[in-house]
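Since the structure comes first, as structure tokens, the remarks are kept for the end.
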Amino acid sequence: MLHTVDHPLIAEELTRLRNPECPSPEFRQRVRRIASLMVTAVTADMGTTIVPCNTPLEITSGVKISRGIILVPVLRAGLGFLDGFLDLIPQASVAHIGLARNEKTLVPEPYYLKHPPALGESEIIILDPMLATGGSAIEAVRSLREVGARSIRFACLVAAPEGVASLEDAYPDVSIYTASLDRCLNDHGYILPGLGDAGDRLFGTCG
Ligand code: PRP
Ligand code: URA
């Protein structure tokens, strides 16, 4: 299911981010801020457990998130999304998955996977600013499922309808959260209007 996280603060950040004149340090800051602004929406339906809670005056009942949370940035661009999530969920563990989209075929090529144990007992949030054809997101879910992950969400900045449809088709149980559902893909697999190559803009590797 697709959730578009619609908020004026996010919309304004994204507008500034799309501007090609936005330099890398500012781009990184804005991506981090949007990530933080998305956290409550992405985690809103996580299960909680009632726990005893001491106050200075008495014992009452409190709440604890029932399962551990594992954040999974998709290298490279997902790293830009990580700190904004960690700022609000510092207790989360982090798994890393490396995927590089082949520029000609648009097929993602896996190159790295490192994850904590107990994936199956945790809430997994895959982080990648861009959901374009959906190939990378599908490969990320596939490889995490292969090593035991069950409950998986996918959070991005900008999604193309083509990628949303492919991911929903492949994994209907994975909830998708995006700050914007854009119009379509161009002939080179880039999102329109989009924001260009997120990894290059985050890390200053544009030509
Ligand atoms: C970008 C982006 C996604 C992928 C999306 O990464 O960060 O991972 O493309 O495209 P898709 O939905 O068509 O698969 P890229 O492979 O360019 O690597 P990078 O993050 O290292 O720049
Ligand atoms: N990857 C990006 O970084 N940007 C796009 O528009 C599509 C894939």
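The values are calculated or read from the model by the stated rules, or taken from the named source; none is laboratory data. It should be emphasised that the depicted structure is a prediction, and the values quoted were computed from it without experimental measurement. Cβ coordinates were reconstructed from backbone atoms using ideal geometry, including for glycine residues, and neighbour counts include every protein chain displayed.
Is one or more of the residues making up segment 112-124 surrounded by fewer than 16 Cβ atoms within 10 Å (Cβ to Cβ) and either part of a strand (DSSP E or B) or within 16 Å of ligand 2 (Cβ to nearest atom) (or both)? Yes: segment 112-124 contains one or more residues that are surrounded by fewer than 16 Cβ atoms within 10 Å (Cβ to Cβ) and either part of a strand (DSSP E or B) or within 16 Å of ligand 2 (Cβ to nearest atom) (or both). Scanning segment 163-207 for residues that are over 20 Å from residue 78 (Cβ atoms) and polar (S, T, N, Q) yields a single hit, 186. Filter segment 156-171 down to the residues that are more than 16 Å from residue 81 (Cβ to Cβ) and either among the charged types (D, E, K, R) or touching a residue at least 60 places away in the same chain (Cβ under 8 Å) (or both) and list them by number. Answer for segment 156-171, where residues must be more than 16 Å from residue 81 (Cβ to Cβ) and either among the charged types (D, E, K, R) or touching a residue at least 60 places away in the same chain (Cβ under 8 Å) (or both): 162, 164, 168, 169. Return the residues of segment 131-155 that are of a type in the set (A, V, I, L, M), away from ligand 1 (no atom under 14 Å from the Cβ) and part of a loop (DSSP other than H, G, I, E, B); say none if nothing qualifies. Those that are of a type in the set (A, V, I, L, M), away from ligand 1 (no atom under 14 Å from the Cβ) and part of a loop (DSSP other than H, G, I, E, B): 147, 149. Counting the residues of segment 164-200 that are near ligand 2 (Cβ under 9 Å from one of its atoms) and among the charged types (D, E, K, R) gives 3. Looking only at segment 129-155, residues that are under 12 Å from residue 72 (Cβ atoms) and among the aliphatic types (A, V, I, L, M) come to 8 in all.
Would you check if there is a residue in segment 155-177 being among the hydroxyl-bearing types (Ser, Thr, Tyr) and either modelled with pLDDT under 95 or within 13 Å of the chain's Cα centre (by Cα) (or both)? Checked against the condition, which is being among the hydroxyl-bearing types (Ser, Thr, Tyr) and either modelled with pLDDT under 95 or within 13 Å of the chain's Cα centre (by Cα) (or both), segment 155-177 yields at least one hit. Every listed requirement among (1) surrounded by fewer than 24 Cβ atoms within 10 Å (Cβ to Cβ); (2) over 16 Å from residue 182 (Cα atoms); (3) within 11 Å of ligand 1 (Cβ to nearest atom) is met by residue 164 save one, (2).
In the condition set (1) assigned to a strand (DSSP E or B); (2) within 18 Å of residue 74 (Cα to Cα); (3) in contact with a helix residue (DSSP H, G or I) (Cβ under 7 Å, 6 or more places away or on another chain), residue 158 is compliant with all but (3). Residues considered: 128, 173, 197. Of these, the only one that is surrounded by fewer than 21 Cβ atoms within 10 Å (Cβ to Cβ), within 23 Å of residue 35 (Cα to Cα) and within 11 Å of ligand 1 (Cβ to nearest atom) is 197.
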